[in-house]
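Accompanying notes for the structure given below.
The values are calculated or read from the model by the stated rules, or taken from the named source; none is laboratory data. Computed from a predicted structure; not experimentally measured. Cβ placement follows ideal geometry from the backbone for every residue including glycine, while neighbour counts extend to all protein chains displayed. The area values use the complete protein model at the heavy-atom level, side chains included, leaving out ligands, DNA and RNA. Shrake-Rupley method; radii C 1.70, N 1.55, O 1.52, S 1.80 Å.
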Amino acid sequence: MTSQPLRRTALATCIAVVLAATLAACGSGDQATATGSGSSSSPVIVSAAASLKQALTRYGDGFGGGDVRLSFAGSDELAAQIRQGIKPDVFAAANTKLPDQLFKEGLVARPVRFATNELVLAVPADGGAVGSLGDLATGATIAIGAEGVPVGDYTRAVLARLPAAQAKAILAHVRSEEPDVGGIVGKLTQGAVDAGFVYRSDVRGAGGKLRAIELSAGLRPTVEYAAALVKGARNPAGGRAFLDGLLTGAGARALHDSGFGPPAGP
């Protein structure tokens, strides 16, 4: 497998710089392009998992509680930024583990679960070398999420449920470990790999370029999304309004329309 520690470190630095600049601009009253339609001088700043990009962009475009500025990356990278002192108003992750950890560390308010998804094996829609999970062990090239990234951890949970020899053979054909699910989708749509583990919503959002191969019920991991308000952020009221909309309002509708399921529990 190909390790990419330098790439992920550079990405984390880039995210920190962008978010820090956004927060500084909000504090100085400088105007910047925003995704929302409101006119608040203090925008709602949201750090969210890459798999949420289409849904939250749609939600943010019509958000009535002020301007929304969105930053998307791997959930682990965004959590690292919060630990380093970056304070978006809302943190939305592709798992429950990271928000729960930040809550225990006193960095965010109690997280809420707001959506579910399904891990699938994605392949090019126009055919190719892979027709089933079993084909991954026979030479097909694969992209997966890096370890520590939710999509990467979900993928490793699937492989851990396979016979050891089959899992080893699949891992031997991994050609790319990506820092977020968007990188896997990119490798697939560019033809750089034959298959990749992504979420069902990513296949739906790929504009017909990808096809999903479902995993059996015994292999499928539970994919739940959780979000939390970040303590010490500049716009807690705007963050609360945005988070509430993910649960019952326009955000929940945008998630449904993008292929996400409802939250599985409180």
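At a glance:
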{"read-out": "Matching residues in the stretch 224-246 - criterion: being open to solvent by 70 Å² or more (accessible area, probe 1.4 Å) and assigned to a helix (DSSP H, G or I)", "value": "PRO236, ALA237, ARG240"}
{"read-out": "Which listed residue is under 29 Å from PRO88 (Cα atoms), in contact with an Asp or Glu (Cβ under 8 Å, 6 or more places away or on another chain) and basic (Lys, Arg), from ARG240, ARG253, ARG200", "value": "ARG200"}
{"read-out": "Hits in the stretch 55-66 (condition: surrounded by 18 or more Cβ atoms within 10 Å (Cβ to Cβ) and out of contact with any helix residue (DSSP H, G or I) (no Cβ under 6 Å at 6 or more places or on another chain))", "value": "LEU56, GLY60, PHE63"}
{"read-out": "All positions within the stretch 91-124 that are over 14 Å from the mean Cα position of the chain (by Cα) and of a type in the set (Val, Ile, Thr)", "value": "VAL108, VAL112, VAL120, VAL123"}
{"read-out": "Leading residue by the ranking (nearest to THR155 (Cα to Cα)) among those in the stretch 81-121 that are among the hydrophobic types (A, V, I, L, M, F, W, C) and open to solvent by 30 Å² or more (accessible area, probe 1.4 Å)", "value": "VAL112"}
{"read-out": "Criterion: of a type outside the set (Gly, Ala, Ser), open to solvent by less than 20 Å² (accessible area, probe 1.4 Å) and more than 22 Å from ALA79 (Cα to Cα) - qualifying residue of LEU210, LEU171, LEU162", "value": "LEU210"}
{"read-out": "Selection status of ALA48, at pLDDT 95 or above and touching a strand residue (DSSP E or B) at 6+ places or on another chain (Cβ under 6 Å)", "value": "yes"}
{"read-out": "Residue within the stretch 141-150 that is in a helix (DSSP H, G or I) and either open to solvent by less than 50 Å² (accessible area, probe 1.4 Å) or touching a strand residue (DSSP E or B) at 6+ places or on another chain (Cβ under 8 Å) (or both) present", "value": "yes"}
